[in-house]
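*Asks:* Quick one: the structure is below, questions incoming.
The values are calculated or read from the model by the stated rules, or taken from the named source; none is laboratory data. Small disclaimer: the values here were computed from a predicted structure and weren't measured. All Cβ positions, glycine included, derive from the backbone under ideal geometry; neighbour counts span all protein chains shown.
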Amino acid sequence: MEEVRLFFSPKNWSLMRYDESSEELFFLIAEGIQFNHIRNIRLKSGEGIAGSVVQTKSPIFVENVRNDPRFSKKVDEKTGFETKTIIAVPMIFRGTVHGVIELVNRFDGSSFSPEDLVILQTIADFTAISLANSDQYEKTKILAFRDSLTGAFNRNKLNHLKGEWFGKAMENQIALVALLDLNDFKMINDTYGHKTGDQVLCYFTDILRYVIRGTDKIFRIGGDEFLILVQHENREKIIQTQNRFQETMSVLLKKCKENDPPFYFTWGMSLGPIQKLDELIHEADLSMYASKG
């Protein structure tokens, strides 16, 4: 984006991404003002010049912001900058707004022109394609590593992590592996139907999330089989987690029993160096099936 600074000579300019889920703009790049002053600023669709660009999906040229009621002073108040003139254009690809490029004030004191707006829009169009491709890559990666039903990680993600860890210095990392298997799950599908079976799997995943920390991972590695992976450098911390899991399983079993329809699960755990993850999974598997009797 160096061409923006060289061609238009703005005192400051920014690239803002648009988050469709929250309907907010946030700053991704900001030149000419201190980024730490504006990193937490959010602009709703329709708020300020940039928000109006998102709302209308159209570029906006404001020769004098004092004469435009759409202008928001939020950034100026945070930075001490005085905005006078603005051009802002949407980054749109296939009808979706990915963000806004906004230029503020020229170094020579003159205002921007309608011709500047046309050129900046061309730059924004190419940028939108790049952002859309980046978004699509991230979505594809998420789909590749997530179970589409429960949202838990899948076996692909587990294998990917093994590949990432291979050859790395992981000697200090201790892993706790918990394998959990729903008992007689086929009977739930046969009795209540697959829709209810899917609901049971989602509910089970949700209650497992109550057990883990934010850094722990849940995987659905089979139809009715789940794996929880905890890693830590402190062995005592891992053992504490193992003890907490043992205590919590009875609570989880109670929740499963109270569900409609009720269901049950069996679990097994193992503890050891993360470099031996395959062995730990095998040990947890043996422990789980031993507890089935």
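*Asks:* Take the residues in the stretch 232-272 that are loosely packed, with under 15 Cβ neighbours inside 10 Å and touching a Leu at 6+ places or on another chain (Cβ under 9 Å), then tell me which one is modelled with the highest pLDDT.
*Replies:* Tyr264
*Asks:* Related question: In the stretch 193-220, what count of residues is obtained for those that are in contact with a helix residue (DSSP H, G or I) (Cβ under 9 Å, 6 or more places away or on another chain), within 10 Å of Ala152 (Cα to Cα) and surrounded by fewer than 18 Cβ atoms within 10 Å (Cβ to Cβ)?
*Replies:* The number of residues fulfilling the criteria is 1.
Residue-by-condition table, conditions (1) under 31 Å from the mean Cα position of the chain (by Cα); (2) farther than 18 Å from Val211 by Cα:
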{"position": "Asp260", "(1), (2)": "no, yes"}
{"position": "Leu271", "(1), (2)": "yes, no"}
{"position": "Leu280", "(1), (2)": "yes, yes"}
{"position": "Ser287", "(1), (2)": "no, yes"}
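*Asks:* Would the stretch 146-157 turn up any residue that is at pLDDT below 85, under 29 Å from Lys276 (Cα atoms), outside the structural domain of Thr205 (by TED's automatic domain parsing) and surrounded by fewer than 14 Cβ atoms within 10 Å (Cβ to Cβ)?
*Replies:* To start, the set of residues in the stretch 146-157 that are at pLDDT below 85 comprises 148.
Checking which are under 29 Å from Lys276 (Cα atoms) leaves us with 148.
Among the residues that remain, those that are also outside the structural domain of Thr205 (by TED's automatic domain parsing) are: 148.
Filter once more, so that each one left must be surrounded by fewer than 14 Cβ atoms within 10 Å (Cβ to Cβ): 148.
Yes, because at least one residue in the stretch 146-157 is at pLDDT below 85, under 29 Å from Lys276 (Cα atoms), outside the structural domain of Thr205 (by TED's automatic domain parsing) and surrounded by fewer than 14 Cβ atoms within 10 Å (Cβ to Cβ).
*Asks:* Can you work out which of the residues in the stretch 192-224 that are under 17 Å from Cys256 (Cα atoms) and in contact (Cβ under 8 Å) with a residue 60 or more places away in the chain is farthest from the chain's Cα centre (by Cα)?
*Replies:* Among those residues, the one meeting the criterion is Tyr192.
*Asks:* Here is a follow-up. Anything in the stretch 203-219 that is of a type in the set (S, T, N, Q) and assigned to a loop (DSSP other than H, G, I, E, B)? List them, or say none. Spell out how you get there, then give the answer.
*Replies:* As a first pass, look at the stretch 203-219 and keep what is of a type in the set (S, T, N, Q): 205, 215.
Selection gives Thr215 alone.
*Asks:* So which residues in the stretch 26-55 are assigned to a helix (DSSP H, G or I), without any contact (Cβ under 8 Å) to a residue 24 or more places away in the chain and touching a Ser or Thr at 6+ places or on another chain (Cβ under 7 Å)?
*Replies:* Within the stretch 26-55, Gln55 is the sole residue that qualifies.
*Asks:* How many residues are assigned to a loop (DSSP other than H, G, I, E, B) and within 19 Å of Leu15 (Cβ to Cβ) if we restrict to the stretch 75-93?
*Replies:* Residues of the stretch 75-93 that are assigned to a loop (DSSP other than H, G, I, E, B), as a first pass: 80-85.
Still in the running and within 19 Å of Leu15 (Cβ to Cβ): 81, 83, 85.
Residues that pass the stated criteria total 3.
*Asks:* May I ask you to say which residue of Leu229, Leu180 is in contact (Cβ under 8 Å) with a residue 12 or more places away in the chain, out of contact with any His (no Cβ under 7 Å at 6 or more places or on another chain) and either over 13 Å from Leu271 (Cα atoms) or assigned to a helix (DSSP H, G or I) (or both)?
*Replies:* Going through Leu229, Leu180 in turn, the sole match is Leu180.
*Asks:* Determine whether the stretch 258-272 contains at least one residue that is assigned to a helix (DSSP H, G or I), among the hydrophobic types (A, V, I, L, M, F, W, C), closer than 23 Å to Asn159 by Cα and touching a residue at least 40 places away in the same chain (Cβ under 8 Å). Explain how you work it out, then say what you get.
*Replies:* In the first step, residues of the stretch 258-272 are kept if they are assigned to a helix (DSSP H, G or I); the result is 258.
This time we only want the ones that are among the hydrophobic types (A, V, I, L, M, F, W, C), so: none.
No: the stretch 258-272 contains no residue that is assigned to a helix (DSSP H, G or I), among the hydrophobic types (A, V, I, L, M, F, W, C), closer than 23 Å to Asn159 by Cα and touching a residue at least 40 places away in the same chain (Cβ under 8 Å).
*Asks:* Please go through the stretch 75-108 and pick out each residue that is free of Cβ contacts under 8 Å to residues at least 24 places away in the same chain, surrounded by fewer than 14 Cβ atoms within 10 Å (Cβ to Cβ) and acidic (Asp, Glu). Explain how you work it out, then say what you get.
*Replies:* Initially, the stretch 75-108 is screened for residues free of Cβ contacts under 8 Å to residues at least 24 places away in the same chain, giving 76-77, 80, 82-83, 95.
Checking which are surrounded by fewer than 14 Cβ atoms within 10 Å (Cβ to Cβ) leaves us with 77, 80, 82, 95.
Selection gives Glu77, Glu82.
*Asks:* Next up: Checking the conditions here, which among Ser72, Ser14, Ser58 is over 22 Å from the mean Cα position of the chain (by Cα), assigned to a loop (DSSP other than H, G, I, E, B), surrounded by 14 or more Cβ atoms within 10 Å (Cβ to Cβ) and hydroxyl-bearing (Ser, Thr, Tyr)? Before the answer, list the steps.
*Replies:* Working: Ser14 fails: assigned to a loop (DSSP other than H, G, I, E, B); Ser58 fails: surrounded by 14 or more Cβ atoms within 10 Å (Cβ to Cβ).
When all the criteria are applied, what remains is Ser72.
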